[in-house]
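So the structure is just underneath, and the comments pick up after that.
The values are calculated or read from the model by the stated rules, or taken from the named source; none is laboratory data. Note that the structure is a prediction, hence the values are computed from the model and not measured. For neighbour counting, all protein chains shown are included, and Cβ atoms are generated from backbone atoms with ideal geometry for every residue, glycine included.
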Amino acid sequence: MSSVSVLTKIPNLLKELRICLPAVQFHEITSDKDDKLKSSEIIIADFDLLTPVLHNIPKTKWVQGTWAGVDKLTQYTKNKMGSGYLGGS
């Protein structure tokens with residue numbers, strides 16, 4: 001199984017994930033400049049922390065946000081990437 005990178009400001013989220021899913025290997029990412037983020041296939045992240053590097057995570061296959069909604073992502077994709085990218089209109 002792939003490891004999961006976690007980029008968040010939510011206190012104790014990584015600890016709780018490890019308790020709930022002991023068979024999964026989680027990596028704490030403390031900055032959007034962390035090289036592990038670029039090689040991550042699965043990411044759990046606060047979207048406001050992830051958007052600065054959204055264009056630079058080529059190996060990523062799945063991103064799970066830490067809150068409901070994708071406003072931060074779609075706002076970024078419309079402004080920075082142009083329409084049509086990631087479903088932007």
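Would you pick out the residues in the stretch 40-54 that are hydroxyl-bearing (Ser, Thr, Tyr) and closer than 23 Å to Val24 by Cα?
To start, the set of residues in the stretch 40-54 that are hydroxyl-bearing (Ser, Thr, Tyr) comprises 40, 51.
Ser40, the sole residue that qualifies.
Scanning the stretch 1-31 for residues that are in a loop (DSSP other than H, G, I, E, B) and either closer than 18 Å to Leu49 by Cα or among the β-branched types (Val, Ile, Thr) (or both) yields Thr8, Lys9, Ile10, Pro11, Asn12, Val24, Ile29, Thr30, Ser31.
Checked against (1) crowded, with 16+ Cβ neighbours inside 10 Å; (2) in a loop (DSSP other than H, G, I, E, B), Ile43 passes all but a single condition, namely (2).
For the stretch 62-81, the criterion of being among the hydrophobic types (A, V, I, L, M, F, W, C) and at pLDDT 90 or above is met by at least one residue. Contact map, the stretch 53-71: residues that are of a type in the set (Lys, Arg) paired with residues that are in a loop (DSSP other than H, G, I, E, B) and surrounded by 17 or more Cβ atoms within 10 Å (Cβ to Cβ), Cβ distance under 8 Å, separation 6+ or inter-chain. Pairs shown: Lys59/Ser40.
Scanning the stretch 1-40 for residues that are under 9 Å from the mean Cα position of the chain (by Cα) and either surrounded by fewer than 13 Cβ atoms within 10 Å (Cβ to Cβ) or among the aromatic types (Phe, Trp, Tyr) (or both) yields a count of 0.
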